[in-house]
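First the structure, in the form of structure tokens, and then the observations on it.
Every number here is computed from the coordinates shown, using simple stated rules; none is lab data. Being a predicted model, the structure only gives us computed values, none of them experimental. For neighbour counting, all protein chains shown are included, and Cβ atoms are generated from backbone atoms with ideal geometry for every residue, glycine included.
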Amino acid sequence: TGLATAAPEGSARPGGVAILDLGSVEQAAPAASFDDKRVLVMRDGDRWKAVVGIPLDTEPGSLTVSVGGDKVTVPIIEHAYAEQRLTVKNQSHVTPDQAQLDRIGSERKIIDAALNNFRQVPVETISLAAPVDGPRGSSFGKRRFFNDQPRAPHKGMDIAAAEGVPITAPLEGIVTATGDYFFNGNTVIIDHGQGYVTMYCHLSEIAVEKDQQVTAGEAIGAVGATGRVTGPHLHFGTYLNGTAVDPAILLEQ
Ligand code: ZN
């Protein structure tokens, strides 16, 4: 099946994905949770597997996942993320004023709700088709400085593409949020089930609406340069159990 290739050996690192074997599908699927958040459980051949998103700030060593009533320890591999220094022209994207901070706060609630949504439906694959063709950046997890100011680490993959190039859904799902957000610009968030969520930022235009069902390959918008950017590209985010994980692990090669 696609699970082994979608989350290869060595993916259990901060910002990565851990796969846990939960037993035979002859038993009912056990519920799994991590950090009080439900975890995706899917069928992989004749086994149930948990697909756990590992937070970027996890210390190497291990983390504990609850499976049914049991605690399961998952080893976490060390991974050092580099720094990234960026220059943005609009200084208010680095040091927002109070009105902008208020706007950012209310947008954060909408975005967090969409990223943490858990919809109990079967998930058949976690493997994602490319949402846009183009060179894939490797800056996921890098600690960022905007105009020399330290900011949150980069929680997605930047795919280089020209303004206006169509973006397509990499897997079926339901659109849970769209909007023009301060940092992310025009944004679409898609829920693929059981906390598996993808996010598309800096779009020039949005082609879908909230609550719309999308199929794999359907157009959801176009590449742009809205929000806090240095130029046109797609910021592509992938989330499991509310935590950002490296899209490179989940994207088909
Ligand atoms: Zn980005």
(message) Ranking request for peptides 46-54, 135-143, 73-81, 121-129: highest mean number of other beta-carbon atoms within 10 Å first, then the rest in descending order.
(response) 46-54, 135-143, 121-129, 73-81
(message) What percentages make up the Cα-Cα pair-distance distribution of region 87-197 when the bins are 10 Å wide from 0?
(response) 11, 35, 39, 13, 1
(message) Along the Cα→Cβ direction, 7 angstrom out, place labels at residue 212 and residue 26. What is the inter-label distance in nm?
(response) 4.7 nm
(request) Using just the alpha carbons, could you tell me how many Å³ per residue the convex hull of the chain encloses? (result) 121 Å³
(request) Work out the FRET efficiency for residue 80 and residue 36 from their Cβ-Cβ distance, taking R0 = 45 Å, and round it to the nearest 0.05. (result) 0.95
(request) Calculate how many DSSP beta bridges within region 56-145 are antiparallel, expressed in % of all such bridges and rounded to the nearest 5. (result) 70 percent
(message) On a full-extension model of 0.36 nm per residue, what is the gain between residue 119 and residue 133, subtracting their alpha-carbon distance, rounded to one decimal in nm?
(response) 2.1 nm
(request) Can you tell me the dipole magnitude for the chain around its Cα centre, using point charges on the Cβ only (Lys, Arg +1; Asp, Glu -1), in Debye to the nearest 20? (result) 520 debye
(message) Translational diffusion coefficient of region 35-107 at 20 °C, 1.002 mPa s, Stokes-Einstein with Kirkwood Rh over Cα pairs, in µm²/s as a whole number.
(response) 128 µm²/s
(request) Convert 20 °C to kelvin, take the viscosity as 1.002 mPa s, use the Kirkwood radius over C-alpha pairs of region 62-141 as Rh, and evaluate the Stokes-Einstein diffusion coefficient in µm²/s, rounded to a whole number. (result) 118 µm²/s
